[in-house]
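The structure appears below as structure tokens.
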Amino acid sequence: NQLYGQHLDASGNALWAANGTLILDQPDSSINENVPLLLPDGDILVVYSYNSIVYVGEVVMAMRFSPEGLPVWAAPVEVSRGGPSALGTIHNFQQIKAFRSGENVWLAWGYDPAGGNGSYLFERLGLDGTTLFGSPGHDTGVGFGPFTIHDDLAGGFILDWRLSNAAGTHVHAIRIDSTGAPVWTGQLTISTGTTGL
């Protein structure tokens with residue numbers, strides 16, 4: 001239930017406390033995933049998920065730290081919380097992805113609703129900790145399984161995913177603009193004209 005960090009110089013020497021600096025502490029919970037992201041001024045954004053009961057009530061949070069490992073924001077920002085929502089009862093999150101785009105960070109993660117197929121949620125997080133959509137995030141309505149997100153170089157992002165585990169499966173993609181709206185009509189099949197994966 002604790003996450004530690006260490007800052008190494010170019011020669012590999014530890015610059016923070018011996019055995020690392022305590023970054024996050026979630027009493028009575030497990031920190032399940034964490035994604036560190038270096039910001040232009042040397043600060044570090046850490047996006048992480050935790051829960052206290054397996055597959056129930058998982059939460060995605062974000063916190064900004066200085067190059068010395070000290071908190072920059074007064075408290076971590078809640079990005080997404082599992083449980084009852086407009087998308088159904090969400091049990092757990094997985095595969096958190098993040099990248100910086102100008103003065104924002106795009107986040108995406110998979111989720112599993114009760115009695116339904118998984119999909120991907122996303123959020124635009126300002127470097128000041130503000131969220132565009134609020135919990136549980138904006139639903140793409142597509143896909144499940146392994147995925148990646150990429151900067152579209154226009155303030156938005158492209159999300160691509162593998163359709164299944166079967167041999168010959170295809171890869172689809174969608175493009176989202178800076179407001180969270182889809183740019184393309186429908187999904188693009190990246191693997192068109194191939195035998196698939």
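A compact table of results
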{"item": "Where region 10-131 is the region considered: accessible area per residue in Å², 1.4 Å probe", "result": "46"}
{"item": "Rg ratio (alpha-carbon, reference 2.2 N^0.38 Å) - the chain", "result": "1.09"}
{"item": "Vicinal HN-Hα couplings computed from phi for region 113-126 (Karplus, 6.51 cos²θ - 1.76 cosθ + 1.60; Hz; Gly/Pro x)", "result": "x, 5, x, x, 7, x, 7, 10, 10, 9, 8, 9, 10, x"}
{"item": "Carbon plus sulfur fraction of accessible area for the chain, probe 1.4 Å, in percent", "result": "54"}
{"item": "Descending Cα extents along the principal axes, region 94-138, whole Å", "result": "37, 17, 10"}
{"item": "Overall dimensions of region 1-80 as given by Cα atoms, namely Rg and Dmax in Å", "result": "13.4, 43"}
{"item": "Over the chain, relative contact order from alpha-carbon pairs under 8 Å, at least 6 apart, %", "result": "11"}
{"item": "Where GluC sites (Glu not before Pro) fall in DSSP loop in region 57-108, at most 13 other Cβ within 10 Å", "result": "GLU68, GLU103"}
{"item": "Gained length - SER66 relative to LEU22, 0.36 nm times residue gap less alpha-carbon distance", "result": "14.5 nm"}
{"item": "Kirkwood-based Rg to Rh ratio, region 108-197, C-alpha trace", "result": "0.99"}
{"item": "Anisotropy class of region 130-171 from Cα gyration tensor, a/c 1.5 cut", "result": "oblate"}
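The values are calculated or read from the model by the stated rules, or taken from the named source; none is laboratory data. Everything numeric in this text was worked out from a predicted model, so none of it was measured. Counting neighbours? That spans all protein chains shown, and the Cβs are built from the backbone with ideal geometry, glycine included. What goes into the accessible areas is simple: the full protein's heavy atoms, side chains included, and nothing from ligands, DNA or RNA. Shrake-Rupley method; radii C 1.70, N 1.55, O 1.52, S 1.80 Å.
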